[in-house]
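The values are calculated or read from the model by the stated rules, or taken from the named source; none is laboratory data. These numbers come from a predicted model, not from an experiment. Cβ placement follows ideal geometry from the backbone for every residue including glycine, while neighbour counts extend to all protein chains displayed.
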Amino acid sequence: MFNNLSEKLDKALHTLKGHGKITEVNVAETLKEVRRALLDADVNFKIAKDFTKRVKEKAIGQDVLTTLNPGQLMVKLVKDELTELMGGDTVGINLGGSPTVILMSGLQGSGKTTFSGKLANFLKTKKAKQVLLVGCDVYRPAAINQLRVVGEQIGVEVYAEEGNQNPVEISQNAIKHAKANSKNVVIIDTAGRLAVDEEMMNEISNIHKAVNPQETLFVVDSMTGQDAVNTAKAFNDVLNFDGVVLTKLDGDTRGGAALSIKSVVNKPIKFIGTGEKMDAIDVFHPDRMADRILGMGDVISLVERAQEQYDEQEARKLQKKIAKNQFGFDDFLTQINQIKKMGSMKDLVGMIPGAGKALKDVDIDDDAFKGIEAIIHSMTPDERTSPSIINASRKKRIAKGSGTSVQEVNQLMKQFDQMSKMMKMMQGGGGRKMMQMMKN
Ligand code: GDP
């Protein structure tokens, strides 16, 4: 996410960070570099200029040059300004109304249908809502099919009326259907076009008037940079929408859309899409995003994700096994699956402070565990519960079965061994022992 921008800002702030002596000249130099980094990220010229102007004013106000740690203060000022630029506070969605009606708008290909599914899944699993998805694209039967596939995947009902060419009517009927079937959230996916045109705007505006949604969200592909901002403006002029959804932030996006949209339309970014899968959705937190951009990681989100996957009963079972020295490869597999459920590896690594920068050239792919899983799957149940029986000939067989080498099997066995030892130590209240081990 925003790798290029992070790198450039890091370089810009580098001089100040570890510097004892900061002068007016190098503050000005730094801010010039910051502005250049923003422009390279496809941030509009005026926004970038105002940004550095504000940082400079604050720096002068706080008399940066005479503070104890001027470098850190400058980083903080830039961070605060980035947070502000992306909207300041986190803004949730309005779930009032009975049912709550959420209208999706945006161009074709922006990720509307995918996001409708993600949001339905999010509201179903995290907020215990009964959701109805509505397909209103009367021009492309494929779009309705896509929504049906999504609905099936997440177990959410999809309402559509094949043959009806009137999206206003379909939306109104869908709301009636929702009321009759005790659904409390209706998400209306509308037809997009490849570019802004009057017909599309009239259509969505008519639906908007007819259903009077609690929440109108504008979905935009973050890869489209300044175009995203222009499209947002066009939609906002007609719909006066409530919030923005930035999709495809997992791609190689420069960041311009995320950094400019709030200033241009004065509407908050509420969600981001970070992948094609149904769980690749995050509530947008401007401060956490600013931290990530500045390479400070996002520990809060990381912990939240871990907590979501934490299952107390499972944890107790595991604890008992470790205490009894019964931690086996099956448990190891379960642990891997827990981690995988937390999100894509690239995304997770990006949340660890400093890791994004340190590993920027390493291609972290989500198949990182595949080799390990293949090796474990090639073990017999006995071997998994009692790894000590795995001798040389068994290793050879396992390597062959998993399409790996004996060396790779050995490596996994060694890692497993170390991990088991470490877990045992942590269990025995052995924080001290651990420290000792690390020192050695
Ligand atoms: P719509 O025409 O606006 O309904 O867009 P779709 O939902 O059909 O999405 C267009 C394409 O973008 C599809 O191939 C999606 O899988 C993909 N897509 C949507 N959201 C994301 C995202 O957050 N990340 C990535 N990588 N792809 C996405």
Could you list, in sequence order, the residues of the range 123-140 that are closer than 17 Å to Asp279 by Cα and buried (at least 21 other Cβ atoms within 10 Å of the Cβ)? Leu123, Val131, Leu133
Only one of (1) more than 16 Å from the ligand (Cβ to nearest atom); (2) surrounded by 15 or more Cβ atoms within 10 Å (Cβ to Cβ); (3) under 22 Å from His285 (Cα atoms) fails for Ile175. Which number is that? (3)
Any residue in the range 143-165 that's assigned by TED's automatic domain parsing to the domain that holds Lys112 and in contact (Cβ under 8 Å) with a residue 40 or more places away in the chain: show its pairings with residues that are hydroxyl-bearing (Ser, Thr, Tyr) and not in a loop (DSSP other than H, G, I, E, B) at Cβ separation under 8 Å, as long as the two are six or more apart or on different chains. Ala143/Thr113; Leu147/Thr113; Leu147/Ser116; Val150/Thr113; Val150/Thr114; Val150/Ser116
The range 91-111, subset within 14 Å of the ligand (Cβ to nearest atom) and assigned to a strand (DSSP E or B), residue surrounded by the fewest Cβ atoms within 10 Å (Cβ to Cβ): Leu103
Considering each of Ile322, Ile261 in turn, give the residue that is assigned to a helix (DSSP H, G or I), crowded, with 21+ Cβ neighbours inside 10 Å and in contact (Cβ under 8 Å) with a residue 40 or more places away in the chain. Ile261
Identify, from the list Thr114, Thr52, the residue that is within 27 Å of Asp287 (Cβ to Cβ), within 16 Å of the ligand (Cβ to nearest atom) and not in a strand (DSSP E or B). Thr114
Determine whether Ile375 is in contact with a helix residue (DSSP H, G or I) (Cβ under 9 Å, 6 or more places away or on another chain) and modelled with pLDDT of 85 or more. yes
Flag if Asn121 is more than 8 Å from the ligand (Cβ to nearest atom) and touching a helix residue (DSSP H, G or I) at 6+ places or on another chain (Cβ under 9 Å): yes
Long-range neighbours under 6 Å by Cβ, at least six apart or interchain, first residue closer than 13 Å to Met201 by Cβ within the range 236-251, second part of a helix (DSSP H, G or I): Asn236/Val265; Val238/Met201; Val238/Ser205; Leu239/His208
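Residues checked against (1) in contact with a Leu (Cβ under 7 Å, 6 or more places away or on another chain); (2) closer than 19 Å to Leu119 by Cβ; (3) more than 16 Å from the ligand (Cβ to nearest atom); (4) modelled with pLDDT of 95 or more:
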{"site": "Asn202", "(1), (2), (3), (4)": "no, no, yes, no"}
{"site": "Val219", "(1), (2), (3), (4)": "no, yes, no, yes"}
{"site": "Val229", "(1), (2), (3), (4)": "no, no, yes, no"}
{"site": "Ala232", "(1), (2), (3), (4)": "no, yes, no, no"}
{"site": "Lys248", "(1), (2), (3), (4)": "no, yes, no, no"}
{"site": "Ala258", "(1), (2), (3), (4)": "yes, yes, no, no"}
